[in-house]
Each structure stands twice: as C-alpha cells, then as structure tokens.
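Novice: Submitted below is the structure of interest, expressed as structure tokens.
Each value in this text was obtained by applying a stated rule to the coordinates, not by laboratory testing. All figures in this text were calculated on a predicted structure; none of them were measured in a lab. Neighbour counts run over all protein chains shown; Cβ positions are idealised from the backbone, glycine included.
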Amino acid sequence: MQGEPQSSGLLYWLRVMVIGRKPKRTLVRLVMLVVVTTVVFAFVLRPVRITGGSMEPTYHDHSINFINRLAYLRHPPQRGDVVGVRITGDHVMYMKRIVGLPGEAVSFSDGHVCIDGVPQEEPYLKFTSHWEVPPITLRSDEYYVVGDNRTMPPQDHTRGAARLTHISGRILFPGNR
Amino acid sequence: MKYFVRFLLLVVLVAIAFWAWLVLFPSPKQVIQGRLLKLAHLASFPSREGNIVRIANVEKMGNLFSDDAEAVIDVPGIESHTFTRREELMQAAIMARGALNGLKVDFVDTNIEVGPDQQSAIADLTLRAQVSGEKDLIVQELKFTFKKLNNAWLITHIETVKTLRQ
C-alpha cells in the first residue's frame, strides 16, 4: 500500500466494506441469503398485515405478523391457537382464534364460548359481550374459529367452522395478553 | 459469431410470435381474468363521481353480464338479496354508488375452471373492497359462473360463498 495515492487506498477500503476481501465468497453468501429468505418467506413464514378490529385487543389493526405454515406438521391445531384461515388463496386470509375442535358442539352464551354446553375460560377476552348463538356440531375435519373482539352483534362478526385444509398456519408472535 | 447473432434473432422472433399468439388468441382463462379485472375496475369509484360517469360505468359494467344474469347475495349482517335480471343488477349498482362515498374493489386469489365444452366456466375468488372512510375491509368469497354467449364470455351467475360454516 506504501506509495499508492491516498484516493486508491480509500477506494480499496470502500470495496472491502461493500463486497468484502473475497468477492467470490461474498457473492456466494449473497445468493444463499436470497435463496434462504425467499424459501422461508414463501413457504414457511408468510408475512401478514392485520386489517380490521376483529382480533382486538390481542392483535391491533395494521400490525404486522407472520403465519407459521409448518406449525401443524407434527400435531393438529389446538384450542386457543390463533390461525390464518384461507379463503380462496393465500393473499387474503381471516385471522381467528380456534375455540372448537372436531366433533365438539360449539355455542355462545352471554358472550362466552361453550363446548358441549360447558362455558369455557377465555383469558384473552378483554371486552364484555352478550352473544347468544345456538350450538353447531363440528365435523371430523372442522375447527370453530372466532375473533377475540365480540363487541359487535354476532351476525356482523365473521366466525364459524373452518376445514383443516383451509387453515394456513399458526400466527408466530403472540399478541397482547 | 454470425451464426450466434442469427440464432439470437430467431429466438427473439419466436418469442415475439408466441407473445403475439397469446395476445391475438387468448385462452378462455385469460379472457375471463381480463373480464374480472374490468369488472373490479368498473365497480370501483371515487368519492366524487359525476352522474354521467356513474351511469356510463354502470352501463359498461352491465355489458359484462348476460340479460338473465342472477346474483345471490347472502352476507352476514346484510339482508340477503337475489337479483334476477341484468337491469335489476344495474339499478342496484347505481343505487349503491349513490349511497356510498367511494369504493375500491379488487379480486384476489382467483381460481378459474373452464368446463370441458369450453363454453362455460366457474371463477372462485376473494372480493376485497374498501369503502372510503371506513376502517374495515370487506372480504367475501364469491363464485362467478361465466357462459360463452355470442362469442363473448358473459357473467350469468354470481353468488356469495360462506367460507366458514355457520
């Protein structure tokens, strides 16, 4: 480096900072990063932007989260899981909480979910409501999903039995407790 | 080098011919996709839409439907409606445009299945609509039935689908 003009030394360090001392290795790293990121976000963690207030106050309007699409590879969905429910594809999904499992009869009494007639404890409910909804019996591949915000009349709230094939995955980050 | 340039030219020509073929002779799926895009565009309107523009757009929208087009709307929270003629649909569209303060509509996750006779098709899609000034999005699964009538793919039936069984 001795005897080189000062500007060429600066250029050298700029190059080292941007592409490293070994450009080939940097290129391989970059390609790997792009491949891994693409695979992860396309097939494993689906980024979602929450719109609307049906999951308030657990998940807020306009917040960002991820759907873990591998969550149910080893075990079926559990009661209390917050999941993404596909409509006709992956671009727009419902985000709801599973409250009923296959074979169960799900109803609502005074705003609380009842399984086979027994009221359930729902620690995530922060707002009071007075929903009265008659029971619906779930088929062997159905899960009952509903939002945490039950302040609106039940007919205005999107809820019901979702088939397992429509459940895209579990939400990654837990909301406000 | 000369052969390489000739080969490259040939590849470009084949690509252009293929593209021109797709544009000039689109598949039924592409035509239906285009019709749905046009419908979403015409169904959207700004907050201050003039009367002439409103009627012209609804008229254009009507051209996408067959005379006996039927629409069955059954959405939670809204009274269910069945429209049995194109005129009824257009009337409802004019009334809705007068009542709402702007609307943006788009169709996503569209799955189109063309019948074996190539004369009918079913499109299952998600409607995403935003009323100006409203916080919540309207999201609804819809099923469109298309038929090829007088060499044009027209909507003959629309129905709302309940994704979640009540």
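Novice: With a cut-off of 8 Å between alpha carbons and a minimum separation of six or more residues, what is the relative contact order of chain B in percent?
Specialist: Reported relative contact order: 20 percent.
Novice: Using θ = phi - 60° and the Karplus form 6.51 cos²θ - 1.76 cosθ + 1.60, what ³J(HN,Hα) does each residue of segment A:12-18 get, whole Hz, x for Gly and Pro?
Specialist: Once θ is set to phi - 60°, the couplings for segment A:12-18 become 4, 5, 5, 5, 4, 5, 7 Hz.
Novice: Could I ask something else about it? Only loop residues by DSSP count here, and only those with at most 12 other Cβ atoms within 10 Å; note down the trypsin sites (Lys or Arg not before Pro) in segment B:71-166 that meet that.
Specialist: Values: sites: B:R85, B:R86, B:R97, B:K104, B:R128, B:K135, B:K143, B:K147, B:K148, B:K162, B:R165; in loops: B:R85, B:K135, B:K162.
Here the sparse-neighbourhood loop sites are B:K135.
Novice: Then there is this: Efficiency by 1/(1 + (r/R0)^6): what FRET value for A:E132 and A:R49, r their Cβ-Cβ distance, R0 = 25 Å, to the nearest 0.05?
Specialist: About 0.15, to the nearest 0.05.
Novice: Let me ask another. What percent does the relative contact order of segment A:92-177 come to when contacts are Cα pairs within less than 8 Å and at least six residues apart?
Specialist: This gives 30 percent for segment A:92-177.
Novice: Follow-up question, since we're still on this one. Per residue of segment B:37-43, what does 6.51 cos²θ - 1.76 cosθ + 1.60 with θ = phi - 60° give for ³J(HN,Hα)? Whole Hz please, x for Gly and Pro, Karplus curve as stated.
Specialist: Running phi through 6.51 cos²θ - 1.76 cosθ + 1.60 with θ = phi - 60° gives 4, 5, 4, 4, 5, 6, 6 Hz.
Novice: Among B:I158, B:I32, rank each residue by its count of other Cβ atoms within 10 Å, from fewest to most, as a rough exposure measure.
Specialist: B:I158, B:I32
Novice: Okay, moving on. Which value in nm describes the separation of the simple spin-label points at B:T82 and B:V108, placed 7 Å from the Cα toward the beta carbon?
Specialist: 3.2
Novice: Return the lysines within reach of B:K143: Cα separation strictly under 24 angstrom, same-chain partners fewer than 8 residues apart disregarded; answer none if there are no such residues.
Specialist: Answer for B:K143, where 24 Å is the Cα cut-off: A:K96, B:K29, B:K38, B:K60, B:K104, B:K162, listed by chain and number.
Novice: Using Cα centres only, tell me the gap between segment A:100-161 and segment B:47-70 in whole Å.
Specialist: 41
Novice: What is the order of B:Y3, A:Y143, fewest Cβ neighbours within 10 Å to most?
Specialist: Fewest-to-most Cβ neighbours within 10 Å comes out as B:Y3, A:Y143.
Novice: For segment A:1-79, run through the trypsin sites (Lys or Arg not before Pro) and keep only the ones in DSSP coil with at most 15 other Cβ atoms within 10 Å of their Cβ.
Specialist: A:R21, A:R74, A:R79
Novice: In deg cm²/dmol, rounded to 500, what helix-only [θ] at 222 nm does chain A give when every DSSP H run of at least 4 residues adds -39500 (n - 2.57) and the total is split over its residues?
Specialist: After summing the helix terms and dividing by the residues of chain A, the value is -6000 deg cm²/dmol.
Novice: State the extension gain, in nm to one decimal, for the chain segment bounded by A:K24 and A:L70, taking 0.36 nm per residue of separation less the distance between their alpha-carbons.
Specialist: Here the answer is 13.2 nm.
Novice: Arrange the following residues from fewest to most other Cβ atoms within 10 Å of their Cβ: B:E87, A:E122, A:E132.
Specialist: Values: B:E87 13, A:E122 16, A:E132 10.
Fewest-to-most Cβ neighbours within 10 Å comes out as A:E132, B:E87, A:E122.
Novice: Here is a follow-up. Tell me, what is the percent relative contact order of chain A, built from C-alpha pairs under 8 Å that lie six or more residues apart?
Specialist: Once normalised by length, the contact order is 22 percent.
Novice: Okay, moving on. In nm, to one decimal, how far is the B:D136 label point from the A:Q155 one, both placed 7 Å along Cα→Cβ?
Specialist: Modelled inter-label distance: 1.4 nm.
Novice: May I pose another question? Across peptide A:85-97, what mean number of C-beta atoms from other chains lies inside 10 Å of a residue's C-beta?
Specialist: For this peptide, the per-residue mean of nearby foreign Cβ atoms is 5.
Novice: From other protein chains only, count the Cβ atoms within 10 Å of every residue's Cβ in A:161-171, then give the mean.
Specialist: Whole-number average of other-chain Cβ neighbours for A:161-171 is 1.
Novice: In µm²/s, what is D for the protein assembly as shown at 10 °C and 1.306 mPa s, where D = kT/(6 pi eta Rh) by Stokes-Einstein and Rh is the Kirkwood radius from Cα pairs?
Specialist: Value of D from the Cα-based Kirkwood radius: 65 µm²/s.
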